[in-house]
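Heads up, the thing below is written out as structure tokens.
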Amino acid sequence: MTRSGEKQIQQAEAIRKSHPHNLCAQAFTADYYNSLDDKQQRAFLKITKSGLENPDSTMGCYAMNPSDYDEFKPFFSKVLAGYHGVAEDAKHVNDWSIESLPSGTVPEDGKFNLLALGLPPLSMRVRVGRNLVDFPLPGAMFQHQRVAMEKKMCAAFDILIENPDFGGQYYSLTPGHPAKISDAKYAELVREHIMFKDMSADSFLLQAGIASDWPHGRGCYVSGDKGFIIWVGEEDHLRIMAMKKGAVLNDVFDRLKAALDIINGMEGLTFAKSDDYGMVTSCPTNLGTGMRASVLMQIPKLTMGGSDKKAKAICKPLGLSVRGMGGEHTPIGRDGTCDISPSARFCISEAQIVAALYEGIKQLKAAEDK
């Protein structure tokens, strides 16, 4: 055993006692580590580095290669079970078709229409994380690989830009890239919540290697109507999102699926997928669908006084998360606007997520009215 391995085993043992919610440390045992060969041990130490360097982590581990979830299944099956509340032998099935949903789950016309619930049009957003099979995951990439991945994606963006349903342009942060933008333009896009923030300021992502080589290989594609965005080189190779202010949840769901089919259908752009775990993401919290579907909804009575405790108490049994308007750890709006989304990503289908969001909104509105 290497000295590094001995140190991390000791770290894991200490964290198991001091931070019992750190899933990485809970699943990192001397017996499992010693069952690995030298090459696997080196890879495993990279996977678990972030959680052991940041004891207050909840998940604490990041996959470094698309094959890691299968190669290190005895470890990942435990952290997945602990986080997602599933059995260790659980298998994920991807399914976008609402026709697969149980009878009575979908309105008769097949439309998840908010107007039918007595709500006005709301800001709706659906995003997924995706990674390409031809590259290591962001935590294990070298600078030249990040730049090559961005270059490969730009060929796809050229096709989207020529598509009348998308249009738009690509903004790069990579020095020397033809689409490189100024610092002022980058700051503007961050303020508009179009571009992601400087990752090098995040200690968790730095320890995992995900924020390395900033800002090389990073950028974002934005459609002409700003309703469709693809982040390049963030926590996953791609964060793909569709958004719209409207009444029918199907609209953003269907637009996202159409774009995914276009990208994944291009030669050399195959998304990484595990037979047991679904779509591969760097962080196990997003594994399976890689999806987060949400709406911004006003619930002023349930958030009276600026607290979201009542809303969270109602939403938790419904499988919903409540966040501030700017995402996790941000305040709710003064008018009671909250970000509402289904919590589950794994062992739930894409169609089930959208159905769960609609049912959750329905029950949350009833609680607000009551």
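All of the numbers you see were taken from the coordinates with simple rules; none came from a lab. Worth saying up front: this structure is predicted, and the values here are computed from it rather than measured. We place every Cβ from the backbone using ideal geometry, glycine too, and count neighbours over all the protein chains shown.
Please sort 19-26, 299-306 by packing, taking for each peptide the average over its residues of neighbouring beta carbons within 10 angstrom, highest first.
Working: 19-26: 20.5, 299-306: 15.2.
Put in order of decreasing packing, that is 19-26, 299-306.
Taking the beta-carbon count within 10 Å as an exposure proxy, list D308, D183 from fewest neighbours to most. Mind showing how you got there, number by number?
Numbers: D308 18, D183 8.
Exposure proxy ranking, most exposed first: D183, D308.
How high is the relative contact order of region 34-147, given as a whole-number percent (alpha carbon pairs under 8 Å, six or more residues apart)?
Numbers: 59 pairs, mean separation 27.2, N = 114.
Relative CO of region 34-147 lands at 24 percent.
Counting each DSSP H run of 4 or more residues in the chain as -39500 (n - 2.57), what helix-only mean residue ellipticity at 222 nm follows after dividing by all residues, to the nearest 500 deg cm²/dmol?
Values: 12 runs with 135 residues, N = 370.
Here the helix-only value at 222 nm equals -11000 deg cm²/dmol.
For the chain, can you list the cysteines whose C-beta has no other cysteine C-beta under 4.7 Å from it?
C154, C220, C283, C315, C338, C347
Listing E53, E88, E108 from the residue with the fewest other Cβ atoms within 10 Å to the one with the most, what is the order? Show your work: numbers first, answer last.
Values: E53 16, E88 13, E108 6.
With the fewest neighbours first, E53, E88, E108 line up as E108, E88, E53.
Would you list which aspartates and glutamates come within 15 Å of K111, measuring only between C-alpha atoms, while excluding same-chain residues fewer than 8 positions from it?
E99, D251, D254, E359
Normalised by the number of residues in region 3-84, what is the relative contact order in percent for Cα pairs under 8 Å and 6+ residues apart? Can you show the working numbers first?
Details: 83 pairs, mean separation 25.4, N = 82.
Worked out over region 3-84, it gives 31 percent.
Under the 0.36 nm per residue contour assumption, what length would be gained going from the current alpha-carbon distance of D158 and E6 to full extension?
49.8 nm
Would you please calculate the Kirkwood hydrodynamic radius of region 8-103 over all C-alpha pairs and express it in Å, rounded to one decimal? List each step's numbers first, then the result.
Values: mean 1/r = 0.0697 Å⁻¹.
Result for region 8-103 stands at 14.4 Å.
Less than 16 Å apart at the alpha-carbon level, and either on another chain or at least 8 residues along: which lysines does that give for K316?
Partners found: K362, K365.
Mean Kyte-Doolittle hydropathy of -1.0 or higher plus an axial Cα length of 20 Å or more: which whole DSSP H helices in the chain meet both?
Values: long enough: 3-18 (22 Å, -1.48); 38-53 (21 Å, -0.96); 143-162 (29 Å, -0.08); 249-264 (23 Å, 0.32); 350-369 (29 Å, -0.04).
Membrane-span-like by this rule: 38-53, 143-162, 249-264, 350-369.
Label the chain by shape, choosing from rounded, prolate and oblate, from the square roots a ≥ b ≥ c of the eigenvalues of the Cα gyration tensor; if a/c is under 1.5 it is rounded, and otherwise prolate applies when a/b is larger than b/c, oblate when it is not.
Numbers: a/c = 1.63, a/b = 1.23, b/c = 1.33.
Taking the square roots of the gyration eigenvalues as a ≥ b ≥ c, the chain is oblate.
Show me the ranking of peptides 260-266, 152-158 by mean Cβ neighbours inside 10 Å, starting with the highest.
Values: 260-266: 14.6, 152-158: 17.9.
My ranking of the peptides, most packed first, is 152-158, 260-266.
Within region 155-257, report the trypsin sites (Lys or Arg not before Pro) that DSSP leaves as loop and that have at most 15 other Cβ atoms within 10 Å.
K197, K226
Using 7 Å Cα-to-Cβ label points, what is the A87/I194 separation (nm, one decimal)?
About 4.8 nm, to one decimal.
Can you tell me the relative contact order of the chain? Whole percent, Cα pairs under 8 Å, sequence separation 6 or more. Please list the in-between numbers first.
Working: 673 pairs, mean separation 74.1, N = 370.
Computed over the chain, the figure is 20 percent.
Each label point is 7 Å from the Cα along the Cα-to-Cβ direction; what then is the distance between the points at H144 and K312, in nm?
4.8
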